[in-house]
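Just below is one structure, and these are the notes that go with it.
The values are calculated or read from the model by the stated rules, or taken from the named source; none is laboratory data. No experiment lies behind these values; they were computed from the predicted model shown. Cβ coordinates were reconstructed from backbone atoms using ideal geometry, including for glycine residues, and neighbour counts include every protein chain displayed. Each accessible area value is taken on the protein alone, full model and side chains, heavy atoms only, with ligands, DNA and RNA left out. Shrake-Rupley method; radii C 1.70, N 1.55, O 1.52, S 1.80 Å.
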Amino acid sequence: VTENRSDLEDLHLYATPREQRFRRFASLEFEGQLYMTPYDFIQAVTSDEPKRVKRWRSLSKQELNQILMETPPVWKGSSKLFRNLNQKGVISYTEYLFLLCILTKPHAGFRIAFNMFDTDGNEMVDKKEFLVLQEIFRKKNEKRERKGDEEKRAMLRLQLYGYHTSTNSVLKAEGEDLVPRSYWDTLRRSTSQALFSDLAERADDISSSLSDTTLLVHFFGKKGKAELNFEDFYRFMDNLQTEVLEIEFLSYSNGMNTISEEDFAHILLRYTNVENTSSYLENMRCSIPEEKGITFDEFRSFFQFLNNLEDFTIAMQMYNFASRSIGQDEFKRAVYVATGVKLSPHLVNTVFKIFDVDRDDQLSYKEFIGIMKDRLNRGFRGYKPVQRYTTFKSCVRKELYSR
């Protein structure tokens, strides 16, 4: 089933930014519902726009069954799972939101995430418990719906969730709560209610009306009877974070073991609302005349730290309250105390050179925190492309290594 351009743009008017992005990158349709392939998901979190204009390809029941039959079990997962599956997989809109949440969670939060799904406390998560998130994310979207043509919104709900939804409340009323919350906050607060609401009962109805997906088969087996333990859940989350970081790193390293400090700055800034990136890049070029490079281990440790940004912010505020300047030693110590992550001296120095706008070797704390919080919104909104300027030395260095 292909939708003509005017209909596509018309429905986009009634979609939220997250819905728009999912629809733009999704490439498959089955029984009226849109799906991403694993390749589509990777593109959505590492690229500004799809590489080509998407025309949703309609899957037959036989094609979907074949895809699911080839889905590996969770114990065969790896940090190349999505790349290996490539186009042979289906990811629903709800799962897209869930996977985005995973990308920004610290390892210490994985246990909390697992316990949120484990509503009966038996240290295992079954398919029914996992499907509760379908209702939770749907209700969050419903509360945030734009007013407009109800028929158009109904069409969107069918595309995104695979069934028509009523506007009756499913979650317990929370009063006039107008404070915007992240999907993870919504999940954390709502799953605790699952045993005391009709969400768990609704999961049976949802399960019978929805098609299986790659993620459901990966977690719970082809018959849906397997249960997911914490070790496998942790490994899946860790592998996904690693896979996306590897893809980003490799897109800049050109087969080398390091990326340049300037490329590292580009990766940080491309997911933010910074308008004048050139000043940051020029500042770093002047401050780091000799290129040493950033290894993947350094790269990964920095983004593990970013997933702990809230705890780090508290530590930084203590320095702020004490009217102490934040030098590289203080920064490194605060990162380790707050997050348990050890950053290399070279990586810390590089971060300082990017954000030390007045070049006094002190971190512009508020600016750094604000920009990095933007960075954590990856995939939840559109991206502002950052033009890449490759230094002459970097070109020569990569050319030499390529010979």
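Residues that are of a type in the set (Phe, Trp, Tyr), modelled with pLDDT of 70 or more and surrounded by 18 or more Cβ atoms within 10 Å (Cβ to Cβ): list the helices (runs of 4 or more DSSP H) wholly contained in region 305-403 that include at least 2 such residues.
345-355
If the requirement is being surrounded by 20 or more Cβ atoms within 10 Å (Cβ to Cβ) and charged (D, E, K, R), which of these qualifies: 246, 261, 227?
261
Determine which member of the set 120, 177, 126, 149 is at pLDDT 85 or above and in the same structural domain as residue 42 (by the TED database).
126
Of a type in the set (A, V, I, L, M), closer than 28 Å to residue 222 by Cα, modelled with pLDDT of 90 or more and open to solvent by 40 Å² or more (accessible area, probe 1.4 Å), is that true of residue 69? Walk me through it before giving the result.
Working: of a type in the set (A, V, I, L, M): yes; closer than 28 Å to residue 222 by Cα: yes; modelled with pLDDT of 90 or more: yes; open to solvent by 40 Å² or more (accessible area, probe 1.4 Å): yes.
In short, yes.
How many residues does region 30-62 hold that are under 22 Å from the mean Cα position of the chain (by Cα) and over 29 Å from residue 246 (Cβ atoms)?
1
Looking at region 110-136, which of its residues are free of Cβ contacts under 8 Å to residues at least 40 places away in the same chain and assigned to a helix (DSSP H, G or I)?
115
What about residue 94, is it under 14 Å from the mean Cα position of the chain (by Cα) and either in a loop (DSSP other than H, G, I, E, B) or over 19 Å from residue 239 (Cβ atoms) (or both)?
Numbers: under 14 Å from the mean Cα position of the chain (by Cα): yes; either in a loop (DSSP other than H, G, I, E, B) or over 19 Å from residue 239 (Cβ atoms) (or both): yes.
It is true that residue 94 is under 14 Å from the mean Cα position of the chain (by Cα) and either in a loop (DSSP other than H, G, I, E, B) or over 19 Å from residue 239 (Cβ atoms) (or both).
Give just the number: which of (1) surrounded by 20 or more Cβ atoms within 10 Å (Cβ to Cβ); (2) under 20 Å from residue 33 (Cα atoms) does residue 101 not satisfy?
(2)
Starting from region 235-252, keep only residues that are under 15 Å from residue 219 (Cα atoms), then list their pairs with residues that are assigned to a helix (DSSP H, G or I) and of a type in the set (Gly, Ala, Ser) whose Cβ atoms are within a distance under 8 Å, requiring at least 6 positions of separation or different chains.
From region 235-252, the pairs are 237/113.
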